[in-house]
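Colleague: What follows is a structure written as structure tokens; I'll ask about it next.
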Amino acid sequence: MTLLGTVLDHRSDQEPFVARISTNPNLPKPMRSTEALLLDDEGDGDYTGFRAVFVRHGDQATTPHIVLPPDLHYLGAEDVVRYNPHTGNFRALYRRSSPNNSLLVTERCNSKCLMCSQPPRDIDDSYVVDALMEAIPLISRATPAMGFTGGEITLLQDRFIGLLRATKNYLPDTRLDVLTNGRLLSYLQYAQKIADVGHPQLILCIPLYSDVDTLHDFVVQAKGAFDQTTRGIINLARVGVATEIRVVIHQQTYKRLPQLAEFIARNFPFVAHVALMGLEMTGFTKANLEALWVDPVDYRSELSEAVEILSCAGLHTSIYNHQLCLLPEYLWAFARQSISDWKNIYMPECDGCSKMRECGGFFASAPLRYSSNIKAFIDEGHRYAVK
Amino acid sequence: MIELPLAKAFSHPDAYASGATYKLLPFRFLRYDEARYLITNLVGEYKLLGTDEFRAFVGHNLATASTLFYDLKGKHFLYDDVSDASLELLATKYRTKQSLLSNFTALHMFVTSLRCDHSCPYCQVSRVSEDRSAFDMTEETASRAIDLMFKSPSPVLKVEFQGGESLLNFGLVKYIVTEVKQRNDGRHLEFVIATNLSPLTDEILEFCREHSILISTSLDGPEELHNTNRPRPGRDSHQRATNGIQRVRDYLGRDRVSALMTTTAKSLTMPREIIDEYLRMGFRSVFLRPISPYGFALKSAAKIGYQTEAFLEFYRTGLDYILELNRQGIPMREEYAAIVLRKMLTPYPTGYVDLQSPSGIGITCISYNYDGDIYASDESRMLAENGDHTFRLGNVHRDTYEDIMASSQLLPMIYDTMAEGTPGCTDCAFQPWCGTDPVFHHATQGDYVGHRPTSEYCAKNMGVFRTLIDLMEGDPHAKTIMRRWAQ
């Protein structure tokens, strides 16, 4: 989802660093201190001044450069990476070519959602924020949108505010989506601090799984979470920070989708967006699969009613991670292709489907369990009789 | 105990469940029919409960893991120790619902002339007279009224020209628009001319285009009905109105003209024909409005009046037809239903003066009569034309803004008639959707508060609320259509 971690063979005494990839070996020397040169093969130019030199092809035993394994060959100019030469740990923090840059800021969390795709770890990972603070000034200013994800970003407290300031100062034209459970935003002062940053394009994306406190608390496995999250949403409205509500649909949430939609329309009519999302077969979902899985065709009526309630209330509403063949046609207008470019796949049942270009397909993790109702749209009208 | 196939590290629903007890949040109820109770919370969210369900709810005997318990919790009828954020959410919704109050008076009506070329029996005030000096507002009067209007703290000022026939004094309309724009201190301005369209000229249209002025006119239905309701020399009111509507659209744009209808006894049998006429004229909404019991309408009551039940039957037939049109894919909306549905289905307030509590008189709208007298609403100056000056708040030439708003009888009238406290309303389940109308009750029952069991205001609104609930509860498709209207 976020930090692609790989362990390289290379080791040295050099300190861990964050650098931007350059593919220009002739880059003027004064510009090299923030850059890591990426070459296909070992060259013999003057590479002094670069933070590091990465090569796609070479023998680590003989070359002074850092050799990248094939699964990192996609890296290109203006990507931003972190490398720890002591451990060989390499991470791509930002990819210039991806429209979905989502930066993991911490793995710590104060909830433990049944279907978490990024299971939390209680570790000191504050070095990640250090790296991001270095990375943000290196990220292309032309990036249209970017996200922070976790873990729970608000656990960083003032360091989250620092990240917001950095993105505002270095990436003022970039929309920033921040995933948070909103629980700590029940402290109005903290919500106010976020507002005070004055980020021009900030939206906080907050999951809400039920209109009923106990049912939401169960899904996120935290007593009092509903209370805190709903207060957090109200506080954000109070201080003028835009919010999106995210609902993951599964066996424990689908039955009250219409009531949840009404609850949102009544209590949070100010939210900028409501996203109704399908289950991703990863993280804790795998462990709790039998308690979570429901075939999307079995909640078509609840989903339809929820979308109708939200859209009639004038709320911008999207359906994520749902294949078109599982949705009634009048919901297609709400379905978005939301799965990251490098994550989506199609099933054998999709072969020959005429709607593949409009359909978001599946997460790469989906083969574990997916609907038995997937079927290709065969568009007879567009078949050419070439034979 | 609910056992789910969860991994070991996870807790089961019981670990997060409510205890056996719960607390009630403020709500009102009424016996809806033989088998059901209607309950509404502080902000107008509602639910119909079976008698046994209702008894269990109020008796604190609901099972706290039941669907009904969840429904009532989600709609803020009850809460328990798990979370009290509902109190904050309710408070936020209540403030939202009353948010227009803090803006104060937004709608300012200027009666530019009482003269009119029509002699409609339901009209309260118009005079067929050539005497300009007696019934036209002067620039001096208008100028003072504009001064007073800008004393209102409202960020939006809506200037509506009323009559008589407002355009018979078009010179003054021009003067007021120009002056208001010149004196504007940063408010958002809107201008509306209420007119029967018969004096419409290209000059007027050009002026409306230049200043983005909206037109509001009267269309009572098909030609014969309209001309009977709205007599004028030549019996050509309908033709003038429909031609005028077309000209306004051609000149200013499709949505720059709206129309209102008044239901007379003759209209009662013709709901479909009236709606068809609105369709024929390209309107996408119609406001099925009962006759107002003011002014000349009171005197003509025997001829053109009717009982509330007859109006409700007309209303229901019309509404059914409009829903049927929607089912065919023809978008059409009934405006009164839309106002009420907004109160039922959204957290937002409406600016509709006659359905507010506290009453909107003076504090939502105010009327400057041609002679400089100031009235608390359009209806109250109509009463005045029949000699009842109860709602006259002062005169633009003699009184200050502070006198008019704070020292007149206005504030007591508003306090005393708040539905939250008046007999019959205070505990009525319909109250969050309803309002209070001191002018109506003064006119029909002789006191501001009125007597609910015999109030036609009460009977009409209760009838409309029940009609809308019946439709939404009985027909999911109707509910979809009505959800759209509410927005």
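Colleague: So, in segment A:122-170, of the ones that are over 18 Å from the mean Cα position of the chain (by Cα) and not in a helix (DSSP H, G or I), which residue ends up surrounded by the most Cβ atoms within 10 Å (Cβ to Cβ)?
Modeller: Filtering first and then ranking leaves A:Asp125.
Colleague: Does segment B:133-142 contain at least one residue that is of a type outside the set (Val, Ile, Thr), under 30 Å from B:Leu393 (Cα atoms) and either part of a strand (DSSP E or B) or not assigned by TED's automatic domain parsing to the domain that holds B:His397 (or both)?
Modeller: Yes; the residues of segment B:133-142 include at least one that is of a type outside the set (Val, Ile, Thr), under 30 Å from B:Leu393 (Cα atoms) and either part of a strand (DSSP E or B) or not assigned by TED's automatic domain parsing to the domain that holds B:His397 (or both).
Colleague: Which condition number does A:Thr214 fail, the rest of (1) surrounded by fewer than 22 Cβ atoms within 10 Å (Cβ to Cβ); (2) more than 27 Å from A:Arg175 (Cα to Cα) being met?
Modeller: (1)
Colleague: Also: Return the only residue of A:Thr6, A:Thr23 being closer than 25 Å to A:Leu103 by Cβ, touching an Asp or Glu at 6+ places or on another chain (Cβ under 8 Å) and of a type in the set (S, T, N, Q).
Modeller: A:Thr6
To keep it simple, each residue is scored yes or no on (1) farther than 26 Å from B:Pro331 by Cβ; (2) assigned to a loop (DSSP other than H, G, I, E, B); (3) within 14 Å of chain A (Cβ to nearest Cβ).
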| site | (1), (2), (3) |
| --- | --- |
| B:Tyr448 | yes, yes, no |
| B:Pro453 | yes, no, no |
| B:Cys458 | yes, no, no |
| B:Val464 | no, no, no |
| B:Leu471 | no, no, no |
| B:Lys479 | no, no, yes |
| B:Arg483 | no, no, yes |
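Colleague: Moving on. Considering only segment B:185-233, state which residues are of a type in the set (Val, Ile, Thr) and touching a Cys at 6+ places or on another chain (Cβ under 9 Å).
Modeller: From segment B:185-233, those of a type in the set (Val, Ile, Thr) are B:192-193, B:195, B:201, B:204, B:213, B:215, B:217, B:228; that's our starting set.
The answer is B:Ile193, B:Ile215.
Colleague: Scan segment B:208-226 and give yes if some residue there is touching a Gly at 6+ places or on another chain (Cβ under 6 Å), in the same structural domain as B:Tyr306 (by TED's automatic domain parsing) and touching a residue at least 24 places away in the same chain (Cβ under 8 Å), otherwise no.
Modeller: no
Colleague: Are any residues in segment A:211-227 at the interface with chain B (Cβ under 8 Å from one of its Cβ atoms) and out of contact with any strand residue (DSSP E or B) (no Cβ under 9 Å at 6 or more places or on another chain), and if so, which ones?
Modeller: If the condition is that a residue be at the interface with chain B (Cβ under 8 Å from one of its Cβ atoms) and out of contact with any strand residue (DSSP E or B) (no Cβ under 9 Å at 6 or more places or on another chain), then A:Asp211, A:Val212, A:Leu215, A:Phe218, A:Gln221, A:Lys223 are the ones that fit.
Colleague: What residue, among those in segment A:182-204 that are within 14 Å of chain B (Cβ to nearest Cβ) and assigned to a loop (DSSP other than H, G, I, E, B), is surrounded by the fewest Cβ atoms within 10 Å (Cβ to Cβ)?
Modeller: The selected residue is A:Tyr187.
Colleague: Something else now. When you go through (1) more than 14 Å from chain A (Cβ to nearest Cβ); (2) assigned to a helix (DSSP H, G or I); (3) surrounded by fewer than 22 Cβ atoms within 10 Å (Cβ to Cβ) one by one for B:Val439, which number turns out not to apply?
Modeller: (3)
Colleague: Next question. If only one of A:Asn110, A:Asn89 is touching a residue at least 12 places away in the same chain (Cβ under 8 Å), under 19 Å from A:Val128 (Cα atoms) and assigned by TED's automatic domain parsing to the domain that holds A:Thr149, which one is it?
Modeller: Sole residue among the options that is touching a residue at least 12 places away in the same chain (Cβ under 8 Å), under 19 Å from A:Val128 (Cα atoms) and assigned by TED's automatic domain parsing to the domain that holds A:Thr149: A:Asn110.
Colleague: Of all residues in segment B:433-461, count the ones that are over 18 Å from the mean Cα position of the chain (by Cα) and either closer than 23 Å to B:Ser367 by Cβ or among the hydrophobic types (A, V, I, L, M, F, W, C) (or both).
Modeller: Total satisfying the criteria: 9.
Colleague: Another question, then. Go through segment B:334-373 and report how many residues are β-branched (Val, Ile, Thr), within 21 Å of B:Lys75 (Cβ to Cβ) and part of a helix (DSSP H, G or I).
Modeller: The qualifying residues number 1.
Colleague: If B:Ser377 meets every condition in (1) surrounded by fewer than 21 Cβ atoms within 10 Å (Cβ to Cβ); (2) closer than 21 Å to B:Pro153 by Cβ apart from one, which number is that one?
Modeller: (1)
Colleague: Would you tally the residues in segment B:345-360 being buried (at least 20 other Cβ atoms within 10 Å of the Cβ) and within 14 Å of another protein chain (Cβ to nearest Cβ)?
Modeller: Adding up the residues that qualify gives 3.
Colleague: Quick one: in segment A:55-70, of everything that is outside any loop (DSSP other than H, G, I, E, B) and among the β-branched types (Val, Ile, Thr), which residue is surrounded by the most Cβ atoms within 10 Å (Cβ to Cβ)?
Modeller: A:Ile66
Colleague: OK, next. Among the residues of segment B:385-406, is any within 17 Å of the chain's Cα centre (by Cα), closer than 28 Å to B:Met137 by Cα and touching a residue at least 60 places away in the same chain (Cβ under 8 Å)?
Modeller: Checked segment B:385-406: no residue is within 17 Å of the chain's Cα centre (by Cα), closer than 28 Å to B:Met137 by Cα and touching a residue at least 60 places away in the same chain (Cβ under 8 Å).
Colleague: Sticking with this structure for a sec: Picking from A:Ala275, A:Ala306, A:Ala261, which residue would you name as being buried (at least 18 other Cβ atoms within 10 Å of the Cβ), away from chain B (no Cβ under 14 Å) and of a type in the set (Gly, Ala, Ser)?
Modeller: The unique qualifying residue is A:Ala275.
Colleague: Taking B:Tyr401 and the conditions (1) touching a helix residue (DSSP H, G or I) at 6+ places or on another chain (Cβ under 9 Å); (2) aromatic (Phe, Trp, Tyr); (3) loosely packed, with under 14 Cβ neighbours inside 10 Å, which numbered condition does it fall short on, given that it satisfies the others?
Modeller: (3)
Colleague: Regarding B:Asp71, is this residue of a type in the set (D, E, K, R) and over 24 Å from B:Arg342 (Cα atoms)?
Modeller: When the stated conditions are applied, B:Asp71 does not pass them.
Colleague: Just checking: which of the helices (runs of 4 or more DSSP H) contained wholly in segment B:1-116 hold 1 or more residues that are within 11 Å of another protein chain (Cβ to nearest Cβ), more than 30 Å from B:Cys365 (Cα to Cα) and within 30 Å of the chain's Cα centre (by Cα)?
Modeller: B:67-74, B:85-97
Colleague: Look through segment B:441-465, keep the residues that are among the aromatic types (Phe, Trp, Tyr) and at pLDDT below 95, and return whichever of them is nearest to B:Ile414 (Cα to Cα).
Modeller: Here the residue is B:Tyr448.
The values are calculated or read from the model by the stated rules, or taken from the named source; none is laboratory data. In this text the structure is predicted, and so the values were computed from the model without any measurement. Cβ coordinates were reconstructed from backbone atoms using ideal geometry, including for glycine residues, and neighbour counts include every protein chain displayed.
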